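First comes the structure, then the notes that go with it.
The values are calculated or read from the model by the stated rules, or taken from the named source; none is laboratory data. Being a predicted model, the structure only gives us computed values, none of them experimental. Don't worry about glycine lacking a Cβ; one is built from the backbone with ideal geometry, like all the others, and counts go over all protein chains shown. Accessible surface is based on the protein model in full, side chains and every heavy atom, while ligands, DNA and RNA are left aside. Shrake-Rupley method; radii C 1.70, N 1.55, O 1.52, S 1.80 Å.
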Amino acid sequence: MLNWDWDFTWTILPRLLSATVNTILAAGLGYAIAVVLGLVLALLQRTRSPIFTASVREIIEFVRSTPLVLQVFFVFYVAPQFGITLSPWVAGMLSIGVHYAAYLSEVYRGGIDSVPKGQWEAATSLNLSTTRTYFRIVIPQALPPSLAGMGNYLVGIFKDTPILSVIGVAELMHAANSIGAETYRFLEPYTLVGIIFLAISLPTAALIRAFEGWMRRKLGLT
Amino acid sequence: MTDETHASFPLRLEGANVPMVSFRKVTKRYGSLVVLDSLDLDVAEGEMVTIIGPSGSGKTTVLRTLMTLDSINDGVIYVDGEPLTHMSDGTKLVPANQRHLRKMRSKIGMCFQHFHLFPHMTALENCMEGPVNVLGLSKKEARERSEELLRMVGMADKRDQHPSRLSGGQQQRVAIARALAMRPKVMLFDEVTSALDPEVIGEVTGVIKKLVSEHNLTMLMVTHQMGFARQISDRVSFFYKGRIEEQGTPDELFGDPKKERTQQFLSAVREAV
């Protein structure tokens, strides 16, 4: 029989909501790292040196092929043996940011590949430098087709933040675990965590779709 | 290419009547396919040369190698007396580096069959992009120059439209203005009317005619519009298998072609119309 205690629910809600701020912060910061680093990784794969390009590809494949939770453990517990000691927050942000950067670089790569060859040739015929060609011509056109994929990974990174609870980042899952350990009640905290995740993920996905449409119109692509 | 073959090419073309564009024994291969076969072609300053020929004869490749979109396998291309595909290391020609290509490219402008306007920029922004970001003009100067050119091609009233809102003919006219905004010495037109609906071809050919009559630009054009080529060219080159099979004034080439292949091509084209 379901034994839902409303009074208990109201008591723990403020604590969970304040942990939600940390979850959003973790997802946001991790995503910011991923968005920038992912673009760097995508661009590094397009250099003239085939060896360099291949090495970057291998690194991306390695990151994509190992579990995030393992990478988090490595950065937090193993890195100190090499003299790199990071706080749970920094270790968490870094691992999640790098992990998602590997995925986002593939999204960008697809977006960049979707820009027609003629655009590059027109840029060359105007004598634009490679850097300007990327930042003024190619990336603005690569972005709209990348937005759907980028949005998926924003929701993905948000849903993966509970992994950070394993190294003690005080996010939502960590708070729910603590409440359970203190009170031996698990139904309410975990249910609330699910509802909070849902309440943030669903509108975010809708917002991303709206943003994608806005961006296309803004860039005159539709 | 070996150094010996380089040595037979001058470091720069000097003297009177240096051609604006000079292909010297230029060969371009795609794998085993020879697209340009030891091509020699000179274009004088201010001359309008039209290249015609069957598909695969290397017409477009001439323009693409000149724009440095494609590299060449052999020979040297000179523009304005200086080597384009190569540069001097003091005593001999060596393949050009990026820096040299960028310097030389500024002399050349190109319009494409499918326009290739930047879709995220308005007509005006398309024209201003190069002048601001390559030539280093102020926004104000670039805007004035671009607006004047858009007026010249009859697109002043559409300057704030994105390409997706423009017809093919309008897009091509903006593309011509965009190329001219860089003040090139040589303009290349690669089948600029081939992707257009018949009723708008005239608005693009009209702009090119105006350029020929009012500006002292050197122009190379690849086209299938034989009537247009006959009207505006100083010289017409018939290409066949990567070489010039026959060339002459429009009246000579269209009115009295000497070579059998030229005659065959021209009669085939006339039948198709």
Legend entry - Cα Rg, Dmax, region B:70-221, angstrom units: 16.6, 54
Inset, instruction - For chain B, with a Gaussian network of springs between Cα atoms less than 10 Å apart, report the residue from B:A44, B:A181, B:A123 with the top mean-square fluctuation. - result: B:A44
Legend entry - Stretchable slack from A:F8 to A:T47, in nm (0.36 nm times residue separation minus alpha-carbon distance): 8.2 nm
Legend entry - Net charge, A:I96 excluded, C-beta distance under 13 Å - Lys, Arg +1, Asp, Glu -1: -1
Legend entry - Three principal axis lengths of the protein assembly as shown [C-alpha, angstrom, descending]: 101, 53, 44
Inset, instruction - Provide the convex hull volume over Cα atoms per residue for chain B, in Å³. - result: 145
Inset, instruction - Work out which helices of chain A, taken as complete DSSP H runs, extend at least 20 Å along their axis over the Cα atoms and score a mean Kyte-Doolittle of 0.0 or more, then list them. - result: A:6-44, A:50-65, A:88-113, A:139-160, A:187-218
Legend entry - Table column - 3J(HN,Hα) (Hz), region B:45-54, Karplus curve with 6.51, -1.76, 1.60, x for Gly and Pro: 4, x, 7, 10, 10, 9, 9, 10, x, x
Inset, instruction - Name the long-range amide H neighbours of B:M221: under 5 Å, sequence gap of 5 or more, or other chain; modelled H, no Pro or chain starts. - result: B:V49, B:T50, B:I51, B:F189
Legend entry - Dipole of the protein assembly as shown [Lys/Arg +1, Asp/Glu -1 at C-beta], most positive-end residue of B:H224, A:T53, B:V186: B:V186
Inset, instruction - Using the structure shown, select from B:K28/B:K59; A:K218/B:K210; B:K185/B:K258 the pairs with a Cα to Cα distance greater than 23 angstrom. - result: A:K218/B:K210; B:K185/B:K258
Inset, instruction - Take every residue in peptide A:211-219, count the Cβ atoms of other chains within 10 Å of its Cβ, and give the average of those counts. - result: 1
Inset, instruction - Measure off 7 Å from each Cα along the Cα-to-Cβ vector at B:N97 and B:D256, then give the distance between these two points in nanometres to one decimal. - result: 5.3
Legend entry - region B:54-74-region B:203-257 distance, computed between alpha-carbon centres (Å): 17
Inset, instruction - Please work out how much accessible surface A:F74 shows to a 1.4 Å probe, ignoring ligands, DNA and RNA, in Å² rounded to 10. - result: 120
Inset, instruction - Counting only heavy atoms of the protein chains, get the accessible area per residue of region B:120-183 (1.4 Å probe) and round it to a whole Å² value. - result: 42
Legend entry - Per residue accessible area of region A:6-218, 1.4 Å probe, in Å²: 49
Inset, instruction - In nm, give the distance between the simple-model label positions of A:E61 and A:M215, each being 7 Å from the Cα along the Cα-to-Cβ direction. - result: 2.9
Legend entry - Residue-level accessible surface for A:I195, protein heavy atoms, 1.4 Å, Å²: 90
Legend entry - Most mobile of B:L211, B:L69, B:L150 in a GNM of chain B (Cα contacts under 10 Å): B:L69
Inset, instruction - For region A:106-170, calculate the relative contact order in percent as a whole number, restricting contacts to Cα pairs under 8 Å that are 6 or more residues apart. - result: 44
Legend entry - Contact order relative to length of region B:58-159, as percent, for alpha carbon pairs under 8 angstrom and 6 or more apart: 15
Inset, instruction - For region B:120-183, report the convex hull volume of the alpha-carbon atoms normalised per residue, in Å³, without decimals. - result: 68
Inset, instruction - Would you compute, from DSSP H runs of 4+ residues alone, the mean residue ellipticity of chain B at 222 nm, taking -39500 (n - 2.57) per run and dividing by the full residue count, rounded to the nearest 500? - result: -10500 deg cm²/dmol
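Give me Rg/Rg_expected for region B:77-135, where Rg uses Cα atoms only and Rg_expected = 2.2 N^0.38 Å with N residues. Display every interim value, and only then the final one.
Numbers: Rg = 15.1 Å, N = 59, 2.2 N^0.38 = 10.4 Å.
It is 1.46.
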Inset, instruction - Return the sequence-ordered ³J(HN,Hα) values of region B:107-123 in whole Hz as given by the Karplus equation 6.51 cos²θ - 1.76 cosθ + 1.60 applied to θ = phi - 60°, using x for Gly and Pro. - result: 7, 10, x, 9, 10, 10, 4, 9, 6, 6, 5, 7, x, 8, 10, 6, 3
Legend entry - Chain-alone versus full-assembly comparison, region B:112-151, residues with accessible loss of at least 40 Å² (1.4 Å probe): B:H116, B:F118, B:P119, B:H120, B:E129, B:N133, B:V134
Inset, instruction - Find the all-direction average of the projected area of the Cα convex hull for chain A, expressing the result in square nanometres with one decimal place. - result: 15.9
Legend entry - Surface share of carbon and sulfur [accessible, 1.4 angstrom probe, percent] for chain A: 69
Inset, instruction - Name the residue, out of B:H114, B:H215, B:H162, whose mean-square fluctuation peaks in a Gaussian network model built on chain B with Cα pairs under 10 Å. - result: B:H215
Inset, instruction - Indicate the residues belonging to region B:43-80 that lose 30 Å² or more of solvent-accessible heavy-atom surface (probe 1.4 Å) upon moving from the chain alone to the assembly of all protein chains, ignoring ligands and nucleic acids. - result: B:R64, B:L69
Legend entry - Contact surface A-B: accessible area buried, both sides summed, square angstrom, 1.4 angstrom probe: 2100
Legend entry - Förster radius 56 Å - calculated FRET efficiency between A:S87 and B:S32, Cβ distance, rounded to 0.05: 0.35
Legend entry - C-alpha center-to-center spacing [region A:125-169, region A:95-117] in angstrom: 6
Legend entry - Fraction of accessible area attributable to carbon and sulfur, region B:120-183 (%, probe 1.4 Å): 41
Legend entry - HN-Hα J in Hz across region B:210-223 - Karplus 6.51, -1.76, 1.60, θ = phi - 60°, x for Gly and Pro: 4, 4, 4, 7, 9, 10, 9, 8, 8, 10, 10, 9, 10, 8
Inset, instruction - Please list, in chain and number order, the residues 5+ apart from B:V35 or on another chain whose amide H is under 5 Å from its amide H, with Hs placed from the backbone. - result: B:K28, B:R29, B:Y30
Inset, instruction - Rounded to the nearest Å, what's the spacing between the alpha carbon centres of region A:8-61 and region A:195-210? Just the number, please. - result: 18
